[in-house]
Amino acid sequence: MKIILLGAPGAGKGTLAESLCRQLDIPTISTGNIIREALKSGTELGKMAKSYMDAGQLVPDEVVIGIIREKLADPVCEKGFILDGFPRTIAQAEALDKMGVEIDCVLSLEVDDDTIITRLSGRRVCIDCGAPYHVIYKKPKVENVCDNCSGTLVQRKDDHPDTIMERLKVYREQTEPLKDFYEKRGLLRTVAGQEKIEDTLRQALEVLVK
Ligand code: AMP
């Protein structure tokens with residue numbers, strides 16, 4: 001099954017993608033994670049993407065399209081995949097079409113803006129393994145220390161309040177039109193992002209089999 005996950009930053013796409021990937025046994029491709037990895041290892045891609053990412057802007061289409069083209073050519077993607085954070089513009093969706101990718105379902109994860117702002121501004125991530133935490137909803141056992149690898153927890157630069165507002169604006173202007181794009185093809189399904197991931201997952205699985 002070939003699935004696209006749409007949703008505002010902080011809607012919980014990454015968490016849902018992880019659970020779906022275990023349930024359906026297909027890989028997740030997260031452009032945000034790929035770019036953050038590149039940033040950490042100091043590659044050319046990382047250096048180029050940094051200023052866009054830090055400002056809450058989208059990395060240029062041709063760059064992310066190149067990343068996706070390469071990933072989808074991997075044989076592990078043959079039986080299906082979950083795209084988390086791609087496409088984010090109409091041009092990216094059209095590029096997927098040109099690659100001959102036939103998407104089975106587009107899940108749009110819906111969460112209101114207030115919840116998003118609370119989630120993102122309180123989010124912390126492990127500087128080493130990237131595991132996500134939250135200052136209220138998902139505290140580590142020891143303050144500021146990752147439960148998995150003992151790395152230090154930090155706030156992502158793009159989770160600072162001004163950048164959050166910019167990311168939401170970018171989402172509304174550039175990514176949300178994709179809902180219409182896929183609705184017209186009969187592929188769009190909406191899922192309400194719930195407090196508990198198990199509830200969101202259950203709903204996502206229900207709409208996927210419909
Ligand atoms: P995410 O973790 O999905 O919120 O992505 C973090 C950042 O990576 C975004 O704010 C963008 O700067 C960049 N990014 C991730 N995916 C894309 C994409 N499909 N197109 C452009 N920029 C992207």
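A residue that is of a type outside the set (D, E, K, R), modelled with pLDDT under 95 and either under 30 Å from Val209 (Cα atoms) or open to solvent by 60 Å² or more (accessible area, probe 1.4 Å) (or both) occurs nowhere in segment 102-110. Here Ala38 meets the list (1) touching a Gly at 6+ places or on another chain (Cβ under 9 Å); (2) under 24 Å from Leu109 (Cα atoms) almost entirely, failing just condition (2).
If you go through segment 133-144 one residue at a time, do you hit one that is over 17 Å from the mean Cα position of the chain (by Cα), assigned to a helix (DSSP H, G or I), away from the ligand (no atom under 16 Å from the Cβ) and without any contact (Cβ under 8 Å) to a residue 60 or more places away in the chain? So far as segment 133-144 goes, no, none of its residues is over 17 Å from the mean Cα position of the chain (by Cα), assigned to a helix (DSSP H, G or I), away from the ligand (no atom under 16 Å from the Cβ) and without any contact (Cβ under 8 Å) to a residue 60 or more places away in the chain. Within segment 173-189, if we keep just the residues that are assigned to a helix (DSSP H, G or I) and touching a residue at least 40 places away in the same chain (Cβ under 8 Å), the residue that is surrounded by the fewest Cβ atoms within 10 Å (Cβ to Cβ) turns out to be Pro177.
When restricted to residues that are without any contact (Cβ under 8 Å) to a residue 40 or more places away in the chain and either in contact with a Gly (Cβ under 8 Å, 6 or more places away or on another chain) or surrounded by fewer than 16 Cβ atoms within 10 Å (Cβ to Cβ) (or both), segment 199-208 contains 3. The residue pairs whose first member lies in segment 36-59 and is without any contact (Cβ under 8 Å) to a residue 40 or more places away in the chain, whose second member is of a type in the set (S, T, N, Q) and in a loop (DSSP other than H, G, I, E, B), and whose beta carbons are closer than 9 Å, counting only pairs six or more residues apart or on different chains, are Glu37/Thr43; Ser51/Gln57. Taking segment 145-155 as the range and being part of a loop (DSSP other than H, G, I, E, B) and open to solvent by 40 Å² or more (accessible area, probe 1.4 Å) as the test, the residues that pass are Asp147, Asn148, Cys149, Ser150, Gln155. Selection of first residues in segment 71-92 that are within 14 Å of Gly32 (Cβ to Cβ) and of second residues that are more than 16 Å from the ligand (Cβ to nearest atom), restricted to Cβ pairs under 7 Å at least 6 apart or on distinct chains, gives the following pairs, ordered by first then second residue: Lys71/Cys77; Ile82/Ile26.
The values are calculated or read from the model by the stated rules, or taken from the named source; none is laboratory data. Bear in mind the structure is a predicted one, so any value in this text is a computation, not a measurement. Positions of Cβ are generated from backbone atoms using ideal geometry, with glycine treated the same way; all protein chains shown enter the neighbour counts. The accessibility values were calculated without ligands, DNA or RNA, using every heavy atom of the protein model including side chains. Shrake-Rupley method; radii C 1.70, N 1.55, O 1.52, S 1.80 Å.
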